[in-house]
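Structure first, commentary second.
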């Protein structure tokens, strides 16, 4: 049994792509940016900086990424997430893990404001022990609350390391559940079990990087509670 289970958000807990994609397109319009290949190249989940670099490799600057982030927030945080839906059965299995004695927390690349707004909207605060995001510790007040040194935005591997220290979680008793290479790389860098989920946004090649791949939410819970490997 894994005592500490950390969950990615986008593509793992909920299908957030429609609302994220819509807010991105609105942000690009605000900034007068054109990206003809947007629908083909865009993936929900990676940090805004990383996605901006992928979409605009020739003109990427930190100023451009910061501009997209500001405008994205304008269109995303307060819209009520009308097209975002929880994946069926996933939260039931998270509750099962929680009832079995696991600590369950969200660890996401999503901006802290957006992640916490979504957690409130779906009632996830009643299920998860907490929500962690790479930009949350930039705020000195938030950092002080968690006893963490304030600083720059963290990538997911560093963020997972910090969260594990907060809980006193050892690698051998921890797991990260996610859907893309970003999640599996973070797990590998911290020596924790990576559990890939087929219902998310990850490609077959990305899922091949996970230690275990689950087709259904019940497989995820069985793997984490009993070490049962899902059938191929």
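Bear in mind that the values in this text are calculations on the coordinates, not laboratory data. None of these values were measured; they are calculated from a predicted model. Neighbour counts are summed over all protein chains in view; Cβ atoms, including those assigned to glycine, are modelled from backbone coordinates with ideal geometry.
FRET efficiency for the pair residue 126 and residue 218, taken as 1/(1 + (r/R0)^6) with r the Cβ-Cβ distance and R0 = 22 Å, rounds to 0.55. At an R0 of 22 angstrom, the distance between the Cβ atoms of residue 204 and residue 37 translates into a FRET efficiency of 0.55. At full extension, residue 98 and residue 211 could sit 38.5 nm farther apart than now, given 0.36 nm per residue minus the alpha carbon distance. Averaging the sequence gap over all C-alpha pairs within less than 8 Å and six or more residues apart, then dividing by the number of residues, gives region 37-130 a relative contact order of 27 percent. Any chance you could check the Cα centroid distance between region 13-49 and region 124-155 for me, in angstrom? Distance between centres, Cα-based: 24 Å. Given that just one value was derived from the coordinates, which of [x] 180; [y] 121; [z] 131 is volume of the Cα convex hull per residue in Å³? Among [x] 180; [y] 121; [z] 131, the one calculated here is [y]. For region 164-179 and region 180-232, what is the separation of their C-alpha centers, rounded to whole Å? The two parts, judged by their Cα centres, are 14 Å apart. Extending 7 Å from the Cα toward the beta-carbon at both residue 158 and residue 29 defines two label points whose distance is 3.5 nm. Please work out whether region 17-76 counts as rounded, prolate or oblate from its C-alpha gyration tensor, where a ≥ b ≥ c are the square roots of the eigenvalues and a/c under 1.5 means rounded, while otherwise a/b larger than b/c means prolate and anything else oblate? Rounded is the answer for region 17-76, as its axis ratio a/c remains below 1.5.
Only Cα pairs under 8 Å and 6+ residues apart enter the sum, and on that basis the relative contact order of the chain stands at 23 percent.
Here the calculated FRET efficiency for residue 86 and residue 62, from their Cβ-Cβ distance with R0 = 30 Å, stands at 0.35, rounded to the nearest 0.05.
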